[in-house]
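Heads up: the structure comes next, in structure tokens.
The values are calculated or read from the model by the stated rules, or taken from the named source; none is laboratory data. Since the model is a prediction, treat every value here as computed from it, not as a measurement. Cβ sites come from the backbone with ideal geometry, for glycine too, and all protein chains shown count toward neighbours.
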């Protein structure tokens, strides 16, 4: 019997790193065939993505491998959501956006990881101003807002986003990510973010903790 | 020694009078001049005057004619987004589909107003400083430029799965890059900084780089008629250091996340190091912290020459206080005179 303890996470991780969709599909199909439990598939994808994320953090793996792995997992989970007769989690209500920049890789990675973890979320897009992000967040009544940035001026603008959200009555928790926050570890606090989402799986864990009672 | 002598001695892996300092100041010049960034870069005279003033003020050992990375995208007809307090950035990628690539022609340097402005600033500066100060021109590597041309996700798909279109885009970009680098050298640049963030194992795995961007760099750098420095823009460089050496670059811009002792040992006698202060973190520094960081870096990287002290990204952020830049230079003057011993 397949349990969370004996999932072939390392084999799955190897398939992802080799961009071997066929092998990754075989592994996930074998888990599904044995027990049809969606939670096991989530454990498998998130377990592998967490290892890959950590590999990037410590310099063993590249950002492109993180991206490719996330996209493959997102696609696979999308196929198995209907097969498992389940649906994406729509609570908490979440959105992701890139502030002031058209470089969207970071956003895409986190989006993929969250989708691979079974979460549904809005993609507000990229190249957005602080005002545009605030407006979309209010209109969609978002509870968790993920903001990706590439450059320091954009990262500093997160403070305006948080301030304007509060002024307009939104209590959305803002989780930030991107290069400036990696290079200045205290920056997320200076811009009044709720948390620093260092990578996709870290964001998923923060969301998990929030949904367990803090939100 | 003047700045040129100091830098050339360091690049020969010998010890000059003191550690050379490169403050890589681009849009920071607009702040210094009190001119809005868009207007600042619209007049080569503004850039040249500001570079000369900042060289004096910050005891800079180089002139940096880098306007902004997206100037190349502008020359391809792409969009540039200006903000009040940071580098002009590329807008919406102009390559929307892979089918477009075959119709792209490399921009002609003479026909591009943004590039001509860079060349004019370079010429003015060359007339002013002659051979006393190195003038550093810049290019985006043909391999990294597509991040702005088509967006990162589409480019990674191209890089991994569409070899024919990738090769075609490299051919276009290489032709442009060589022309652009050589035009800057003709205008008076002493050397070219070849920005190649995608070459870093932080972004793509080394095996992929060797199949792709490394070959691009070898073809391109061999046609540039002057010295080049490869800069990985904050990405780690240690695992590809020997590969960068093989491209013919004389200098590598290394990361704050690189192991300095290991990179110093590996680079010794082969390639000079440029770096690696954390420009983003500099925003938070006071004089004490600045002095501490600079002294530590000198102790770890400066022994024996082959080292230029700089930031690790290739551009000082607007938000860095001028006192930090002044303190960097003062600390180098005080603690960076050769001979330097590692334990000093």
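Taken together, A:131, A:184 contain a single residue that is assigned by TED's automatic domain parsing to the domain that holds residue A:106 and more than 30 Å from residue B:202 (Cβ to Cβ), which is A:131.
Considering (1) touching a helix residue (DSSP H, G or I) at 6+ places or on another chain (Cβ under 9 Å); (2) touching a residue at least 24 places away in the same chain (Cβ under 8 Å); (3) under 27 Å from residue A:107 (Cα atoms), the lone condition that residue B:205 does not fulfil carries the number (2). Among all positions in the stretch A:88-104, there is at least one residue which is away from chain B (no Cβ under 12 Å) and out of contact with any strand residue (DSSP E or B) (no Cβ under 9 Å at 6 or more places or on another chain). For residue B:176, the conditions (1) buried (at least 19 other Cβ atoms within 10 Å of the Cβ); (2) closer than 23 Å to residue B:110 by Cα; (3) out of contact with any helix residue (DSSP H, G or I) (no Cβ under 8 Å at 6 or more places or on another chain) are fulfilled apart from (3). Of all the residues in the stretch A:20-48, those that are at pLDDT 95 or above and outside any helix (DSSP H, G or I) number 1. Would you pick out the residues in the stretch B:83-96 that are in contact with a strand residue (DSSP E or B) (Cβ under 8 Å, 6 or more places away or on another chain) and more than 7 Å from chain A (Cβ to nearest Cβ)? The answer is B:88, and nothing else. Inspect all residues belonging to the stretch B:158-167 and state whether any of them is assigned to a helix (DSSP H, G or I), within 14 Å of chain A (Cβ to nearest Cβ) and closer than 23 Å to residue B:229 by Cβ. No, the stretch B:158-167 contains no residue that is assigned to a helix (DSSP H, G or I), within 14 Å of chain A (Cβ to nearest Cβ) and closer than 23 Å to residue B:229 by Cβ. Residue count for the stretch A:52-78 under the criterion of being assigned to a helix (DSSP H, G or I) and closer than 23 Å to residue A:22 by Cβ: the result is 17. Can we say residue A:136 is at pLDDT 95 or above, more than 14 Å from chain B (Cβ to nearest Cβ) and part of a helix (DSSP H, G or I)? Yes; evaluated as a whole, the condition is true for this residue.
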